[in-house]
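*Asks:* Take a look at the following structure, please.
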Amino acid sequence: MDIIQVAQDLIRFRSETGNAKEINQVMDYIKILFAGTDARIDVFDEVAGAPVIFIRNTDSEAFDALILGHIDVVAASEEMFTPQIRDGKMYGRGTLDMKSFAAVALNSMEHVLKNKLPIKFGEILS
């Protein structure tokens, strides 16, 4: 998984709070990232337009590490959803809060799965 590419892909989604269509597309994108792996993935959509994705490498509820983040952002102009890298820094809506974190979390899950690490690892992204 190319962590920079994943962060840029996440930034491109207009996942503004309440934008159910885009947020659901992010959830689909994340599911595709883990297609063909041993990841266990559930999407809960109890509140319309505010789904939560739960990715883990175990069916246990006793995690060694469980991380939490979000992929929604506040409204912004269209150009803010075009990621840019300048002088080694990435810019775009949600880069710092918290789409880059989400990319790191997803990459971490891939690492745990790929290397069959002996930890119970999970992540929740809302």
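*Asks:* Round to a whole number: what % of the accessible area of region 1-64 belongs to carbon and sulfur, probe 1.4 Å?
*Replies:* Carbon and sulfur together cover 49 percent of it.
*Asks:* OK, next. Quick one: length gained pulling SER77 to LYS21 fully straight, 0.36 nm per residue minus the C-alpha distance? Spell out each step's value before the answer.
*Replies:* Values: separation 56, 0.36 × 56 = 20.16 nm, distance 1.75 nm.
Taking SER77 through LYS21 to full extension adds about 18.4 nm, to one decimal.
*Asks:* Step through the residues of region 68-85 one at a time and calculate ³J(HN,Hα) from phi using the Karplus curve (6.51 cos²θ - 1.76 cosθ + 1.60, θ = phi - 60°), rounding each to whole Hz and writing x for Gly and Pro.
*Replies:* Running phi through 6.51 cos²θ - 1.76 cosθ + 1.60 with θ = phi - 60° gives 9, x, 9, 10, 8, 9, 7, 4, 7, 5, 3, 5, 5, 9, 10, x, 9, 10 Hz.
*Asks:* OK, next. Between helix 100-114 and the chain, what is the angle of the helix's C-alpha long axis to the longest principal axis, kept within 0 to 90° and rounded to the nearest 10?
*Replies:* 30
*Asks:* Helix 20-33 versus the longest principal axis of the chain: what angle, 0 to 90°, nearest 10, using Cα atoms?
*Replies:* 50
*Asks:* To continue, here is another question. By a straight-distance test (C-alpha under 17 Å), which aspartates and glutamates pair with LYS116 as possible cross-link partners, with residues fewer than eight away in the same chain excluded?
*Replies:* In chain and number order, the partners are ASP38, ASP59, ASP64.
*Asks:* Identify the residues of region 1-16 with backbone N under 16 Å of a label point that sits 7 angstrom from the Cα of THR37 along the Cα-to-Cβ direction, or state none.
*Replies:* 1-10
*Asks:* I would also like to ask the following. Quick one: accessible area per residue over region 33-107, 1.4 Å probe, rounded to a whole number of Å²?
*Replies:* Per residue, region 33-107 has 59 Å² of solvent-accessible surface.
*Asks:* Nearest 5 is fine: what % of DSSP beta bridges in region 15-126 come out antiparallel, could you say?
*Replies:* On the way: 12 of 18 bridges.
Counting DSSP beta bridges with both partners in region 15-126, the antiparallel share is about 65 percent.
*Asks:* Measure up LYS89/LYS120; LYS31/LYS120; LYS89/LYS114 against 30 Å on the Cα-Cα distance and list the ones that go over.
*Replies:* LYS89/LYS120
*Asks:* Then there is this: Rounded, prolate or oblate: which fits the chain, taking a ≥ b ≥ c as square roots of the Cα gyration tensor eigenvalues, rounded meaning a/c under 1.5, else prolate when a/b beats b/c?
*Replies:* oblate
The values are calculated or read from the model by the stated rules, or taken from the named source; none is laboratory data. Since this is a predicted model, take the numbers as computed values, not measurements. Because the Cβ atoms are built from the backbone with ideal geometry, glycine has one as well, and the counts that use them run over all protein chains shown. Protein only, heavy atoms only, side chains kept; ligands, DNA and RNA dropped before computing areas. Shrake-Rupley method; radii C 1.70, N 1.55, O 1.52, S 1.80 Å.
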